[in-house]
Amino acid sequence: MTEKPNGREGRGLDRVLADLRALSPDIRSCAVLTREGRLFGSSHPEGVDRERAQAMLGALVGLLDQVARKNGKERAVQAKVRTELGYVLLVRLESGAILAAITGLDARVGLALYDMRNARAEVERALEGEAA
């Protein structure tokens, strides 16, 4: 189920996220976190608390950016985090927003990241369309 903050936001983004999941079947759910840390659109399953997902993704992005700064970089561009149940994949968009995906342990992570990088421009267009 794709969640939206309100009826107007996320309509174009819903399609983009659904297309990404169809293209990359290893991706179980995906979301877009704005530069400000707001969860703009997501395809998390029913029962996932939207505010909690937003907080956890925001915290993860903050930690990754902190590590990047300690290593002389402005911010993290891409990350793969392994958990007990699978992977959290993050790809930064040109606007500073984050495209995040959750996979299982048996996922072809490299292919999922490739698909996410290729979807960046389409996600950006959807975000721009929703802002207008």
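The set of residues in the stretch 73-115 that are in contact with a Cys (Cβ under 8 Å, 6 or more places away or on another chain) and open to solvent by less than 50 Å² (accessible area, probe 1.4 Å) comprises L99, A100, A101. Entry remark, the stretch 116-132: residues being surrounded by fewer than 21 Cβ atoms within 10 Å (Cβ to Cβ), farther than 15 Å from R38 by Cα and touching a residue at least 40 places away in the same chain (Cβ under 8 Å) number 3 in total.
Let's see how each residue does on (1) modelled with pLDDT of 95 or more; (2) in a helix (DSSP H, G or I); (3) out of contact with any helix residue (DSSP H, G or I) (no Cβ under 9 Å at 6 or more places or on another chain):
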residue: A55; (1), (2), (3): no, yes, yes
residue: L64; (1), (2), (3): no, yes, yes
residue: A68; (1), (2), (3): no, yes, yes
residue: E74; (1), (2), (3): no, no, no
residue: G96; (1), (2), (3): no, no, yes
residue: L113; (1), (2), (3): yes, yes, yes
residue: L127; (1), (2), (3): no, yes, no
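Of all the numbered requirements in (1) charged (D, E, K, R); (2) outside any helix (DSSP H, G or I); (3) surrounded by 11 or more Cβ atoms within 10 Å (Cβ to Cβ), E46 misses one, and that requirement is (3).
A single member of A107, A132, A121, A100 is over 14 Å from G41 (Cα atoms), at pLDDT 95 or above and not β-branched (V, I, T), and it is A107.
Evaluation of A59 against the conditions (1) surrounded by 13 or more Cβ atoms within 10 Å (Cβ to Cβ); (2) modelled with pLDDT of 90 or more; (3) among the small types (G, A, S) shows that the sole unmet condition is (1).
Residues that are of a type in the set (D, E) and more than 17 Å from S24 (Cβ to Cβ) within the stretch 60-118 comprise D65, E74, E84, E94, listed in sequence order. Within the stretch 18-43, restricting attention to residues that are free of Cβ contacts under 8 Å to residues at least 40 places away in the same chain and among the aliphatic types (A, V, I, L, M), the residue that is surrounded by the most Cβ atoms within 10 Å (Cβ to Cβ) is L39.
The values are calculated or read from the model by the stated rules, or taken from the named source; none is laboratory data. Every value quoted in this text rests on a predicted model; they were computed, and no experiment measured them. Please note: Cβ atoms are built from the backbone with ideal geometry, for glycine as well, and neighbour counts cover all protein chains shown. Ligands, DNA and RNA are stripped out before the accessible areas are found, and what is left, the full protein with its side chains, is counted by its heavy atoms. Shrake-Rupley method; radii C 1.70, N 1.55, O 1.52, S 1.80 Å.
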